[in-house]
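Everything on this sheet refers to the single structure shown next.
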Amino acid sequence: MAHTKSALKRHRQSEKRNLRNRIAKSSVKSQIKKTLAAIEAGDLAMAKEAFRLATQQLDKAAKNRTIHPNEASRRKSRIARRIAALKK
């Protein structure tokens, strides 16, 4: 356990950040899951709307450095390809 006042504060801050990051990652995963479910069901309109929301979540997480910006970009690209294939 931390002994100094500053170390205790850093520990409190890290716990808060950890919780915030976990919530952000969880919401990203949930939205991606909804998008993929819509793609699997073949529902193009639902997939597009879910993808729009997933993109927002990914961009927010990347902006706050919860996930790496390249990871956000890669995930968006892969889902967009699947939606494009659904259109054909």
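The table below gives the values:
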| quantity | calculated |
| --- | --- |
| Sites Arg20 and Lys88, calculated FRET efficiency, Cβ-Cβ separation with R0 41 Å, nearest 0.05 | 0.55 |
| Estimated dipole of the range 28-71 in Debye, rounded to 20 [Cβ of Lys and Arg +1, of Asp and Glu -1, Cα centre] | 220 debye |
| Between helix 44-63 and the chain: long-axis angle, C-alpha atoms, 0 to 90°, nearest 10 | 20 degrees |
| Within straight-line cross-link reach of Lys34, lysines at Cα separation under 24 Å, skipping those fewer than 8 residues along the same chain | Lys25, Lys48, Lys60, Lys63, Lys76, Lys87, Lys88 |
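Rule-based calculations on the coordinates, nothing more; no lab input. A quick note: this is a predicted structure, and the numbers were derived from the prediction, not measured. Methodologically, a virtual Cβ is constructed for each residue, glycine included, from the backbone with ideal geometry; neighbour enumeration extends over all protein chains shown.
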